[in-house]
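The values are calculated or read from the model by the stated rules, or taken from the named source; none is laboratory data. Treat the numbers as computed from the prediction; the structure is a model and nothing was measured. FYI the Cβ positions are ideal-geometry reconstructions off the backbone, even for glycines, and counts take in every protein chain you see.
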Amino acid sequence: MKKENKEKNNIAISVKNVSKQFFIPHDKSTTLKGAFVNIFKKKNIESFYALKDISFEIKKGEFFGIIGRNGSGKSTLLKILAGVYTADGGEVEVNGFISPFLELGIGFNPELSGRDNIYLNATVLGLTEKEIDEKFDSIVAFSELERFIDQKIKNYSSGMSLRLAFSVAIHANREILLMDEVLAVGDSNFQKKCLREFNHYKEIGKTIILVTHDVDTVKEYCDKVMLVRNGEIEMIGSPEEVSIKYVKQNILDENDILKKEEII
Amino acid sequence: MKKHENYRELVLRLAKTDFKLRYHGSVLGYVWAILKPLLMFTILNFVFSTLFHLGGVNDPYYPLELLTGLLLFNFFAEGTMTGMTSLVNKAQLVTKIYVPRWTIVLGSTMNALFVFGMNLIVLVFFFFIYHKVPSIGGIIMFLIYAILLYVLIIAFSFLTSSLYVRFRDLSMIWEVLLTVLMYAAPIVYPLALVPEKFRQVFLLNPLAFIINYSKQGLIGNQFTNFWHFIILIFSIAIVFVISVLVFRKYEKRVAELI
């Protein structure tokens with residue numbers, strides 16, 4: 001009994017039989033008139049499963065990688081973990097607070113200055129005003145945006161707002177970091193800085209979930225990797241095994257496309 | 001799913017940000033919050049007391065009544081409008097991060113509350129000019145009605161904000177209805193002008209009820225029947241519960257539909 005309890009305490013995230021279905025309406029009505037007219041029509045809605053019956057566990061302190069091609073359901077999965085989407089079925093259990101970083105951002109408002117956005121989003125991530133005051137300089141220093149901090153975010157380049165968002169996300173000091181494609185936009189210096197920060201996080205026992213396409217990053221940093229394909233888990237294993245499978249799969253997919261082209 | 005830990009600070013921060021966003025970039029800035037209803041008041045006062053001869057000797061406090069009604073109505077109109085559109089306007093906070101959605105709705109309506117608070121200062125100033133001192137009871141009732149009105153605004157915002165994500169023409173419909181509501185409540189005219197047999201039906205509209213008795217309490221020192229007051233509180237409570245239930249049902253898919 002005690003042992004079981006201890007094992008449970010060790011789990012940061014547990015996902016059981018989670019599915020997510022999206023509806024793709026082919027003539028979407030966002031107006032009342034459209035909705036009234038469509039009552040009498042046969043509904044023309046196609047549904048597809050972004051995630052099909054997914055189950056896995058992530059231990060505390062683990063650096064967990066998720067790889068997969070575009071449209072495989074990685075981001076949907078991350079959004080469910082973050083609480084942005086609600087799963088259709090199954091159970092999601094999260095032990096600890098999450099600091100999400102989805103779709104290259106954490107919900108900045110382009111009309112606000114960098115400073116106001118830091119205060120807004122750090123509050124959303126659960127920091128009090130006093131804590132933000134204390135951490136403010138460190139957040140700005142990490143993003144290297146001292147000169148531009150009072151400028152509106154809409155005038156930032158994508159790299160700049162990415163850096164600021166990432167800096168706020170890691171300063172939120174939460175137990176679990178969800179990182180979706182963080183490394184895609186930043187330059188190599190910034191990537192290295194991010195990865196150093198991840199290592200630091202790991203050392204102090206925090207859990208990191210990283211979504212990426214990059215096999216090398218996975219091999220270098222992750223403890224465990226999950227390969228997702230068409231909304232299903234293809235395999236969970238060591239970075240080496242999963243990387244090999246992922247690369248092979250990509251080559252096979254490529255070959256399929258080439259073959260089809262030849263037939264045509 | 002673990003919940004956010006500091007709701008109060010979160011709601012206040014959202015409200016503050018809204019307030020900043022709303023008035024940034026305009027030269028007069030926050031002054032507009034006061035100026036807008038005052039300009040409205042000036043126009044209506046001119047039209048109805050000078051051209052239509054409402055007020056005058058029979059009703060020397062007509063401008064005070066007009067301003068009181070107008071401020072309450074403005075509070076309601078602005079609160080419901082920003083509340084309804086809150087989730088769509090804050091789409092980035094809905095789709096990229098998890099914030100309890102009700103905090104977004106509540107934060108947006110607080111903006112109207114701030115503006116209303118600032119306008120109250122103007123109202124006090126006007127009472128001073130007209131040498132009118134309301135009774136303590138009148139002031140207390142006015143504040144209670146203002147709170148009830150705010151509860152009604154919050155309820156309406158919960159009800160419509162998640163639906164507005166699906167049906168964007170709700171805001172157009174509401175804009176028109178607000179104009180209807182303004183003339184359906186005794187703001188520019190006193191209740192006495194409504195034919196006696198319609199008065200009861202007329203006061204079934206909670207907005208008309210609140211505005212009428214706020215005015216009468218402050219200026220005429222007249223109060224409503226106790227049981228009518230209880231019924232008002234009771235119906236607002238029912239509307240509130242229904243709104244929260246609707247909101248909880250529809251907020252789940254909001255992130256996908258925005």
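Structure notes:
- Total residues in the range A:144-159, condition at pLDDT 90 or above and in a helix (DSSP H, G or I): 6
- Some residue of the range B:94-113 being among the charged types (D, E, K, R) and within 30 Å of A:G126 (Cα to Cα): yes
- Residue within the range B:32-43 that is within 14 Å of another protein chain (Cβ to nearest Cβ), under 30 Å from A:N117 (Cα atoms) and modelled with pLDDT under 90 present: no
- Just one of the listed residues (A:D180, A:D137, A:D133, A:D150) is touching a Gly at 6+ places or on another chain (Cβ under 9 Å), among the acidic types (D, E) and either more than 10 Å from chain B (Cβ to nearest Cβ) or closer than 19 Å to A:F63 by Cα (or both), and it is A:D150.
- Filtering the range B:67-81 for residues that are touching a residue at least 24 places away in the same chain (Cβ under 8 Å) and within 14 Å of chain A (Cβ to nearest Cβ) leaves an empty set.
- Enumerated strands (runs of 3 or more DSSP E) restricted to the range A:177-264, each holding at least 1 residues that are on the phi > 0 side of the Ramachandran plot, in contact (Cβ under 8 Å) with a residue 60 or more places away in the chain and surrounded by fewer than 18 Cβ atoms within 10 Å (Cβ to Cβ): none
- Test result for A:A184, aliphatic (A, V, I, L, M), within 21 Å of A:T76 (Cβ to Cβ) and at pLDDT below 90: yes
- Residue within the range B:177-186 that is under 15 Å from the mean Cα position of the chain (by Cα) and more than 30 Å from B:Y61 (Cα to Cα) present: no
- Condition check for B:L93: away from chain A (no Cβ under 13 Å) and among the hydrophobic types (A, V, I, L, M, F, W, C): no
- The residues of the range A:94-114 that are at the interface with chain B (Cβ under 7 Å from one of its Cβ atoms) and under 17 Å from the mean Cα position of the chain (by Cα), listed by number, are A:V94, A:G96, A:F97, A:P100, A:L102, A:E103, A:G105, A:I106, A:G107, A:F108.
- Answer residue from the range B:96-108, given it is closer than 19 Å to A:I80 by Cα and within 10 Å of another protein chain (Cβ to nearest Cβ) and is nearest to the chain's Cα centre (by Cα) among those: B:P100
- Test: residue in the range B:177-187 that is at pLDDT 95 or above, within 14 Å of another protein chain (Cβ to nearest Cβ) and either part of a helix (DSSP H, G or I) or in contact with a strand residue (DSSP E or B) (Cβ under 8 Å, 6 or more places away or on another chain) (or both): yes
- Scan of the range B:16-56 for residues that are within 11 Å of B:V188 (Cβ to Cβ) and among the polar types (S, T, N, Q), ordered by number: B:N45, B:S49
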